[in-house]
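Peer 1: This is the structure I have questions about; it appears just below.
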2 protein chains.
Amino acid sequence: MPKMPIPFGDDVVAFDIGEGKLAILKTDMLVAKTDVPEGMSLWQAARKAVVMNVSDFAAKGVQPQAVLVSLGLPKGFREKDIEEIGNGLNAGAREYGAYILGGDTAEASDFLISLFVFGIGEKSKVILRSGAKPGDIVAVTGCFGKTAAGLKILLSHSHASGKIREELVNSVLMPQARLKEGLLLSRSGAVSAAIDSSDGLAWSLHEIAKASGVGFVISHVPVAEEAEAFAKANRLDPLHLALYGGEEYELVLTLKPTLWRRAEAMVKQAGGELLQIGKTVSEQQITMLFKGKRRVIKPIGYEHFRNT
Amino acid sequence: MPKMPIPFGDDVVAFDIGEGKLAILKTDMLVAKTDVPEGMSLWQAARKAVVMNVSDFAAKGVQPQAVLVSLGLPKGFREKDIEEIGNGLNAGAREYGAYILGGDTAEASDFLISLFVFGIGEKSKVILRSGAKPGDIVAVTGCFGKTAAGLKILLSHSHASGKIREELVNSVLMPQARLKEGLLLSRSGAVSAAIDSSDGLAWSLHEIAKASGVGFVISHVPVAEEAEAFAKANRLDPLHLALYGGEEYELVLTLKPTLWRRAEAMVKQAGGELLQIGKTVSEQQITMLFKGKRRVIKPIGYEHFRNT
C-alpha cells in the first residue's frame, strides 16, 4: 500500500507524484432518484454533479483541472437530453476553471452521473480535516439554511412566495462551490482543517472534530435571512434548518487565531465572507449556547431524499 | 481548452503535468445487466471492472496506479455482497500493481461499478491509436475467439464440455489484461499505435485505421485452439468468433518493422507472445486473404448482451 498523503475517509484521495506535489482525485456519483429533486432540469442536475465535486476540492484548497464523466442513461433519453446534460457539465466545469475531458456512457435503469475530478495540489498546502487544534477559530464562508428550506419547498411544497421562494429554490437548483475562498484560504496558511457542508453544518463539524480529536463551542450559527423568514412562516426552527440541512456547499473551517485577520481580509477582498461561529476546544464534544442553555449539537447528517 | 496530449476518442485522457509527464485518466462503467453474464460472481464482476480499465492502460503502455470506485447498489445488496465486491476490486487492482484508494457508494436500481483509474506516463512513451504508418507490422498479444465462445456457452447455452468448456468460460469470467506486454512494448520504442480488443478484433483494427489514416492487409488471424474446437462442434465460423467477438483483452498493435525482432524477443522473454497478423497499407481499407479470396473485414463491433 502506498503512503496515503491524505488519510482514508477524507473528501478526496491524494497520490504522491513527487517533487512536493500531490495528484488529488475525487469521485462522486449523482443518482437522479436521490440527488435530483423535482423541478431541477437535466442541465441543472449535470451542473450540480460538477459543483458537488468541485466543493470537495474547495475544501482542500486545490484547483480542479480535469473532469471525466460516466453517464448512466435510461432507455427513454434522447439526443437532446444528452446534449443538455453535456452542456450542464461543461457549464459547471467552466465556472470553476476545470474542463470536461472525456468519459463514457452506458445504458442504466437510473439516470446517473459519476464524475472523476483530477487536480494537482502542493503537499504543504493541501488542507486536511484533521488539523484543528484547541484555540483555533471556527468559521464558515456564508449563511446556512437556504437549501434546507428550498428542498422543503420543492419536495413537500412548503409555503413561500415571491423573491424569498425564488432565492431558496435557486439555492438548491444552482448551488455554488466556494472554490475561490478555498484556494485563497489554502494560500493564507491560516487554515488548520476544512470540509464542505454538503452533509449539513452539524455533520461537518462532527467530521472535523472526529478527524482532529477536538471539540467545538459554537457561539453563533449564521442563518440566511430568507431561511429565517421561511422558518417563521412555516413554524419551523430556523436553527434546525441551518444545522441539519444539507446540499449546502459552504466551507466549514478552523483557523489559527494569529492569522484570522489576514484570512478574513483576503476572503473579503475577493468578494467573499468569512464568518466566525465558534472556538475549537480540547473536550471532544460540540456544544452551543442557545437561549442561555448549553445545548449539544448532535451528529445528525443530511439524509438524501427520494422522489416517489 | 488545454492542449490534449492524447486526442479525443482515444482510450484514455491525458493531462499535461509538466516536466515531460502526463497524468493518464480513464473512466469506464460496468453495468451488471449488460456487462455481467449469468454465472459470473460479484467478485468476478468487480475484478473484471478493474481489468477492463487496466487493459486500456496496457494499450497506452502506462502503469495504472490509483483506482477510485463509485458503486451503484440496488436495495437487496447485503454487507457480504459489498465485501465480495470490495475483495474483487482489490484482487484486480493488486494483480496489476494498482491500488483501490477510495470511492463512494450510492443506491441505484442497477448494480454498477464506475471506476476511475489514474497513472503517470512519460509524454514521449505513451502509445496512441494514431501513429500507424504504411509498412508497419500488425500484431496481437494472443489468440482470439475464446471469449466469444465462452459468452455463447454462458448466454445461449451452446454446447461444449470438459476442459474446453472450462477454458472458454474462464476466459469470460477471469479476463486478463496484457499490462506486462503493454509496458514492455512502450519501452521498446517499436510500437506506432495500439488499442485493446475489448470491442472485438475487427473493430479494434478499424479504430487504429481510422485514427491513423491507414488500412491493413491481414494475412492471418490466430484463433485459439479451444475456440476452433467449439466452432467445429457448434457449426460456427471460427474466424467470425475471432474477428467479431468482444470482451477480449488482447492488445492490437502496429510496430516499426526494423524494431520487430527486438519487441518480439522482449515480450517472449517476459513469458508473453507477439503474433504477426498483417501489414499496414496506405489504402484505407482492411482486407484479408481467405481461401484464396480477398475479403473485406467490416467495422462490426461487439454488442453488449443483456440478461433478460
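The values are calculated or read from the model by the stated rules, or taken from the named source; none is laboratory data. Keep in mind that what you see is a predicted model, and the values were worked out from it rather than measured. No Cβ is skipped: glycine too gets one built from the backbone with ideal geometry, and neighbour counts run over all protein chains shown.
Peer 1: Out of all the residues in segment B:52-61, is one or more assigned to a helix (DSSP H, G or I), under 25 Å from A:A32 (Cβ atoms) and within 17 Å of the chain's Cα centre (by Cα)?
Peer 2: Initial filter on segment B:52-61 (assigned to a helix (DSSP H, G or I)): B:52-60.
Subsequent filtering for residues that are under 25 Å from A:A32 (Cβ atoms) retains B:52-53.
If we keep only those that are within 17 Å of the chain's Cα centre (by Cα) as well, we get B:52-53.
Checking segment B:52-61: at least one residue is assigned to a helix (DSSP H, G or I), under 25 Å from A:A32 (Cβ atoms) and within 17 Å of the chain's Cα centre (by Cα).
Peer 1: Also, quick follow-up: Which one of the conditions (1) within 19 Å of B:V50 (Cα to Cα); (2) within 14 Å of another protein chain (Cβ to nearest Cβ); (3) not small (G, A, S); (4) not in a strand (DSSP E or B) does B:D81 fail to meet, given that it meets all the rest?
Peer 2: For B:D81, the failing item is (2).
Peer 1: Right, something else. Exactly one condition in (1) farther than 18 Å from B:K256 by Cβ; (2) buried (at least 23 other Cβ atoms within 10 Å of the Cβ) is false for B:D136; which is it?
Peer 2: Answer for B:D136: the failing condition is (1).
Peer 1: Would you call B:A231 aliphatic (A, V, I, L, M), in the same structural domain as B:I164 (by TED's automatic domain parsing), in contact with a His (Cβ under 9 Å, 6 or more places away or on another chain) and over 24 Å from B:V51 (Cα atoms)? Quick ask: steps written out before the conclusion?
Peer 2: On the way: aliphatic (A, V, I, L, M): yes; in the same structural domain as B:I164 (by TED's automatic domain parsing): yes; in contact with a His (Cβ under 9 Å, 6 or more places away or on another chain): yes; over 24 Å from B:V51 (Cα atoms): yes.
Here the answer is yes, as B:A231 does meet what is asked.
Peer 1: Would you point out the residue of segment A:13-35, among those that are more than 9 Å from every other protein chain (Cβ to nearest Cβ) and in contact with a Leu (Cβ under 7 Å, 6 or more places away or on another chain), that is nearest to A:V69 (Cα to Cα)?
Peer 2: It comes out as A:A32.
Peer 1: Just one of A:A194, A:A209 is touching a residue at least 12 places away in the same chain (Cβ under 8 Å), within 19 Å of the chain's Cα centre (by Cα) and within 16 Å of A:I300 (Cα to Cα); which is it? Explain how you work it out, then say what you get.
Peer 2: Numbers: A:A194 fails: within 16 Å of A:I300 (Cα to Cα).
From the options A:A194, A:A209, the qualifying one is A:A209.
Peer 1: Among the numbered conditions (1) outside any loop (DSSP other than H, G, I, E, B); (2) crowded, with 19+ Cβ neighbours inside 10 Å, tell me where B:V217 comes up short.
Peer 2: Evaluating B:V217 over (1) outside any loop (DSSP other than H, G, I, E, B); (2) crowded, with 19+ Cβ neighbours inside 10 Å leaves (2) as the failure.
Peer 1: Next up: With under 21 Å from B:L25 (Cα atoms), touching a residue at least 60 places away in the same chain (Cβ under 8 Å) and not in a helix (DSSP H, G or I) as the only criterion, which of A:A106, A:A23 stands out?
Peer 2: A:A23 is the lone residue from the list that is under 21 Å from B:L25 (Cα atoms), touching a residue at least 60 places away in the same chain (Cβ under 8 Å) and not in a helix (DSSP H, G or I).
Peer 1: Taking the criterion of being more than 25 Å from A:V191 (Cα to Cα), more than 14 Å from chain B (Cβ to nearest Cβ), touching a Lys or Arg at 6+ places or on another chain (Cβ under 8 Å) and small (G, A, S), would at least one residue in segment A:91-98 satisfy it? Reasoning before the result, please.
Peer 2: Here is the first cut: in segment A:91-98, the residues more than 25 Å from A:V191 (Cα to Cα) are A:91-94.
After this cut, where a residue has to be more than 14 Å from chain B (Cβ to nearest Cβ) as well, the list is A:91-92.
Checking the rest, the ones that are also touching a Lys or Arg at 6+ places or on another chain (Cβ under 8 Å) come to A:91-92.
Now restrict to residues that are small (G, A, S): A:91-92.
Within segment A:91-98, one or more residues are more than 25 Å from A:V191 (Cα to Cα), more than 14 Å from chain B (Cβ to nearest Cβ), touching a Lys or Arg at 6+ places or on another chain (Cβ under 8 Å) and small (G, A, S).
For (1) assigned to a strand (DSSP E or B); (2) crowded, with 20+ Cβ neighbours inside 10 Å; (3) among the aliphatic types (A, V, I, L, M); (4) assigned by TED's automatic domain parsing to the domain that holds A:A59, each residue gets a yes or a no:
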| residue | (1), (2), (3), (4) |
| --- | --- |
| A:W203 | no, yes, no, no |
| A:H206 | no, yes, no, no |
| A:L236 | no, no, yes, no |
| A:H240 | no, no, no, no |
| A:T254 | yes, yes, no, no |
| A:E283 | no, no, no, no |
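Peer 1: So, of the residues in segment B:146-165 that are in contact with a Leu (Cβ under 8 Å, 6 or more places away or on another chain) and aliphatic (A, V, I, L, M), which turns out to be surrounded by the most Cβ atoms within 10 Å (Cβ to Cβ)?
Peer 2: B:A149
Peer 1: Quick one: which residue in B:L168, B:L179 is touching a Pro at 6+ places or on another chain (Cβ under 8 Å), surrounded by 24 or more Cβ atoms within 10 Å (Cβ to Cβ), at pLDDT 95 or above and away from chain A (no Cβ under 14 Å)?
Peer 2: On the way: B:L168 fails: touching a Pro at 6+ places or on another chain (Cβ under 8 Å).
It is B:L179.
Peer 1: Determine, yes or no, whether B:L253 is touching a strand residue (DSSP E or B) at 6+ places or on another chain (Cβ under 8 Å) and either closer than 18 Å to B:G145 by Cβ or at pLDDT below 95 (or both). Give the steps one after another, and end with the answer.
Peer 2: Details: touching a strand residue (DSSP E or B) at 6+ places or on another chain (Cβ under 8 Å): yes; either closer than 18 Å to B:G145 by Cβ or at pLDDT below 95 (or both): no.
When the stated conditions are applied, B:L253 does not pass them.
Peer 1: How about segment B:97-149: which of its residues are within 16 Å of the chain's Cα centre (by Cα) and not hydrophobic (A, V, I, L, M, F, W, C)?
Peer 2: B:R129, B:T141, B:G142, B:G145, B:K146, B:T147
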